[in-house]
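> Here it is, the structure, as structure tokens.
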Amino acid sequence: MSRPAIGLICRPPRLARLRLEGVIGADRAFALAQAFLADSVALGQEVARRVAGDLTVFHSPADTGAEMAELLPGVALHSQAAAEIDLRRERAAAHLFARGAGQVVLIGLDAPTLPPAMIELLFDALRSGADAGCIPTLDGGYCAIGYARPLPGLTRGIPMNPELLSATRAKAKAEGLNFLQLQFWHDVDDASDLKLLRMTLDGAAPPNCSPLPPFAAHATRAVLG
């Protein structure tokens, strides 16, 4: 029987830290990027355990294999050429389906507290008739997207936030796909997002988001104190 597959789309922390440097400084942004990577891998591994699936980390640029192997010993890695995120998602899903995956869910580094149960619900939907689906974010994007079968081109060329979610839904509708949108969660792009992240880590329910228990994100918690 084919197994569910989880793909984490990422870059090494030294390349992924840049967006928050202006908010919290270079050193802390780098530490937070390292924590996001550790927690996102731990999240993927937890979901893989729950759904009896597999986790693969897709990293870019392609020449960062040795660096990522040192950061994530024992984790299944797959290098990707530098490209826009839509193409990297498409290629990651294609790789996992080619290896026999039954359903594929892709996540990123920006939502380290994403509730594992939400990803389980997305897998359930893909097994129950949805062609694709997502866990949307408050800024108009999504922190997870799933496929029941290969759907090349679904997200290709689609604008980024804040139009990403609406454009993906529109494209799915135009192609006659059953596209399921779950409840919202929050990712981390700027200072206001850090406030939501701290709120979640402190045990408060983030407004307008799923009430499901967040992932513990121990590494992120340690960096933010």
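The values are calculated or read from the model by the stated rules, or taken from the named source; none is laboratory data. Model, not experiment: these values are computed from the prediction. Cβ coordinates were reconstructed from backbone atoms using ideal geometry, including for glycine residues, and neighbour counts include every protein chain displayed.
> Check the range 6-19 and report whether any residue there is modelled with pLDDT of 95 or more and either polar (S, T, N, Q) or over 18 Å from the mean Cα position of the chain (by Cα) (or both).
No, the range 6-19 has no match at all.
> Of everything in the range 109-158, what is outside any loop (DSSP other than H, G, I, E, B) and acidic (Asp, Glu)? Give them in sequence order. Please lay out each step first, then the result.
Going through the range 109-158, the residues outside any loop (DSSP other than H, G, I, E, B) turn out to be 116-127, 132-137, 142-147.
Across the range 109-158, the qualifying residues are GLU120, ASP124.
> So, one more: Taking into account only those residues within the range 54-66 that are more than 15 Å from the chain's Cα centre (by Cα) and either in a helix (DSSP H, G or I) or among the acidic types (Asp, Glu) (or both), which is farthest from LEU164 (Cα to Cα)?
If we take residues in the range 54-66 being more than 15 Å from the chain's Cα centre (by Cα) and either in a helix (DSSP H, G or I) or among the acidic types (Asp, Glu) (or both), then ALA66 is farthest from LEU164 (Cα to Cα).
> Scanning the range 159-205 for residues that are outside any helix (DSSP H, G or I) and among the aliphatic types (A, V, I, L, M), which turns out surrounded by the fewest Cβ atoms within 10 Å (Cβ to Cβ)?
Going residue by residue through the range 159-205, those that are outside any helix (DSSP H, G or I) are 159-163, 175-190, 202-205.
Next, only the ones that are among the aliphatic types (A, V, I, L, M) stay: 160, 177, 180, 182, 188, 204-205.
Details: MET160: 13, LEU177: 18, LEU180: 21, LEU182: 19, VAL188: 22, ALA204: 10, ALA205: 12.
My answer is ALA204.
> Can you confirm whether VAL105 is modelled with pLDDT of 95 or more and in a loop (DSSP other than H, G, I, E, B)? Can you show your working first?
Numbers: modelled with pLDDT of 95 or more: yes; in a loop (DSSP other than H, G, I, E, B): no.
No, not satisfied.
> Let me ask you something else. Starting from residues that are out of contact with any Gly (no Cβ under 9 Å at 6 or more places or on another chain) and buried (at least 18 other Cβ atoms within 10 Å of the Cβ), keep the ones in the range 92-109 and report whichever is nearest to ILE158 (Cα to Cα). Give the derivation first.
The initial filter retains those residues of the range 92-109 that are out of contact with any Gly (no Cβ under 9 Å at 6 or more places or on another chain), namely 94, 97-100, 108-109.
Those still in the list that are buried (at least 18 other Cβ atoms within 10 Å of the Cβ) too: 97, 108-109.
On the way: PHE97: 22, GLY108: 17, LEU109: 20 Å.
Ranking the qualifying residues of the range 92-109, first place goes to GLY108.
> A further question follows. Looking at the range 18-41, which of its residues are assigned to a helix (DSSP H, G or I), free of Cβ contacts under 8 Å to residues at least 40 places away in the same chain and not β-branched (Val, Ile, Thr)? Break it down stepwise before answering.
Within the range 18-41, the subset assigned to a helix (DSSP H, G or I) is 18-24, 26-41.
From what's left, free of Cβ contacts under 8 Å to residues at least 40 places away in the same chain: 18, 21-22, 26-27, 29-30, 41.
Across the range 18-41, the qualifying residues are LEU18, GLU21, GLY22, ALA26, ASP27, ALA29, PHE30.
> Which of the following residues is under 22 Å from VAL188 (Cα atoms), among the hydrophobic types (A, V, I, L, M, F, W, C) and at pLDDT below 95: ILE145, ILE85? Can you show your working first?
Details: ILE145 fails: at pLDDT below 95.
Result: ILE85 is the single residue among ILE145, ILE85 that is under 22 Å from VAL188 (Cα atoms), among the hydrophobic types (A, V, I, L, M, F, W, C) and at pLDDT below 95.
> Filter the range 67-82 down to the residues that are more than 16 Å from GLY44 (Cα to Cα) and part of a loop (DSSP other than H, G, I, E, B), then identify the one that is modelled with the lowest pLDDT.
ALA82
> Also: Out of the range 206-221, which residues are in a loop (DSSP other than H, G, I, E, B) and of a type in the set (Gly, Ala, Ser)?
Narrowing the range 206-221 to residues in a loop (DSSP other than H, G, I, E, B): 206-217.
Scanning the range 206-221 gives SER210, ALA216, ALA217.
> From the list GLU46, GLU67, which residue is surrounded by 14 or more Cβ atoms within 10 Å (Cβ to Cβ), in contact with a helix residue (DSSP H, G or I) (Cβ under 6 Å, 6 or more places away or on another chain) and of a type outside the set (Gly, Ala, Ser)? Reasoning before the result, please.
On the way: GLU67 fails: in contact with a helix residue (DSSP H, G or I) (Cβ under 6 Å, 6 or more places away or on another chain).
Exactly one of GLU46, GLU67 is surrounded by 14 or more Cβ atoms within 10 Å (Cβ to Cβ), in contact with a helix residue (DSSP H, G or I) (Cβ under 6 Å, 6 or more places away or on another chain) and of a type outside the set (Gly, Ala, Ser), namely GLU46.
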